[in-house]
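What follows is a single structure, written as structure tokens, with notes after it.
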Amino acid sequence: MPLVTTEKMFRQAYEGGFAIGAFNVNNMELMQGIIEAAKEENAPVILQISKGARAYANIKYLRALIDTAIAETDLPVVMHLDHGDTFDLCQQCVQDGFTSVMIDASHKSVKENTALTKSVVDYAHQHGVVVEAEIGQLGGIEEDVVGVSADDVMSHVTDPAEAEEFVKATGCDSLAVACGTSHGAFKFKAEPKLAFNVIEEIGKRLPGYPLVMHGSSSVPKEFIDLINKYGGNMPNTMGVPEEAISKAAKMAVCKVNIDTDLRLALTAKIRQVFAENPAEFDPRKYLGPGREAIKQMVKRKLHVLGCAGKADICR
Ligand code: G3H
Ligand code: 13P
Ligand code: ZN
């Protein structure tokens, strides 16, 4: 089936108390690992592409991979721009065939964020594309995504009244909220507690409205241990507990962003292959197991989010 927007899947997710997994893609192995997992679990899926991914892989290659993926499956698949930072980038993605874009102006003043988001919404809606926006600031640092420090995560949570006003003023289709999650592998210094009250309060103010949770990798210890055992150096990592993700997915959170956990799965497996087979130099011998590790990680997440088996109702 052709690419879809998030409209129907979010409605089903909200009503059914589950969330859709949004996984970042940068290359063929990630694409295949994610799609294979979604196919085996009969799950709807959001493939998201960041500005950095566009620059790394060339959007034409990624688009061709997605076209192949949707031709080979009958799954509801969304092609989404992750953390778009300008009107021009969002416009380019709409023209490239994305069915969903994120405009992330959360680092600007609320007034500027509102104006920029509204302009993207007006343009995207004219082309049948849905828009995710963000208000409040997440923690963590990744390429092109700079947030607050680990210590400050909880002091930057989204203000529910501001969120309500922002959604009404911009007409955005979903809203990424800061509720204590954080980007990357080094999210927290101590076991985190998410601000479920923020999700609950926005849910009351905007009934039926889909929220998005970024920075939702759980940074599983077994993968960090493998990376460190096989020559890596990633001390003091910490992620969002999977139970907290499952709890949010049962609430108003309809989309959960996961990138770091896929990176960890791929890196751990490649390190293991290299350490155990130092003479190996055929890329298929390490990228193949890496792709399988990505697939298993995605399958695990689809169960955490509760969207395994939900493809049929999202078509
Ligand atoms: O939240 C950001 C995503 O993990 C994408 O990261 O900008 O390094 O592609 P990236
Ligand atoms: P993680 O770094 O926790 O995987 O978050 C990814 C993300 O939010 C992409 O937008
Ligand atoms: Zn993000």
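The values are calculated or read from the model by the stated rules, or taken from the named source; none is laboratory data. Everything quoted here is computed from the prediction, not taken from an experiment. Neighbour counts are summed over all protein chains in view; Cβ atoms, including those assigned to glycine, are modelled from backbone coordinates with ideal geometry.
Of everything in the stretch 111-121, what is farther than 13 Å from Leu175 by Cβ and either in contact with a strand residue (DSSP E or B) (Cβ under 8 Å, 6 or more places away or on another chain) or touching a residue at least 24 places away in the same chain (Cβ under 8 Å) (or both)? Give them in sequence order.
Matches in the stretch 111-121: Leu116, Lys118, Ser119, Val120.
Say we look at the stretch 1-33 and pick out the residues that are under 14 Å from Lys250 (Cβ atoms) and not acidic (Asp, Glu); which of these is surrounded by the most Cβ atoms within 10 Å (Cβ to Cβ)?
Ala19
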Original post:
Of all the helices (runs of 4 or more DSSP H) wholly in the stretch 240-315, which have at least 1 residues that are in contact with a Gly (Cβ under 8 Å, 6 or more places away or on another chain) and crowded, with 24+ Cβ neighbours inside 10 Å?
Top reply: 242-250, 260-276, 283-305
**OP:** Please state which of the following conditions Thr237 fails to meet, knowing it meets all the rest: (1) under 16 Å from the mean Cα position of the chain (by Cα); (2) within 16 Å of ligand 1 (Cβ to nearest atom); (3) hydroxyl-bearing (Ser, Thr, Tyr).
**Re:** (1)
Original post:
Only one residue in Thr99, Thr117, Thr170, Thr181 is over 24 Å from Gly52 (Cα atoms) and polar (S, T, N, Q). Which one?
Top reply: Thr170
Subject >> Filter result for the condition that a residue is in contact with a helix residue (DSSP H, G or I) (Cβ under 7 Å, 6 or more places away or on another chain), at pLDDT 95 or above and surrounded by fewer than 23 Cβ atoms within 10 Å (Cβ to Cβ), over Leu211, Leu206, Leu175 >> reply: Leu206
Original post:
Which residues, taken from the stretch 67-90, are hydrophobic (A, V, I, L, M, F, W, C), away from ligand 1 (no atom under 16 Å from the Cβ) and assigned to a helix (DSSP H, G or I)?
Top reply: Ala69, Ile70, Ala71, Phe87
**OP:** Exactly one condition in (1) free of Cβ contacts under 8 Å to residues at least 40 places away in the same chain; (2) assigned to a helix (DSSP H, G or I); (3) under 24 Å from Thr260 (Cα atoms) is not met by Asn26; state its number.
**Re:** (2)
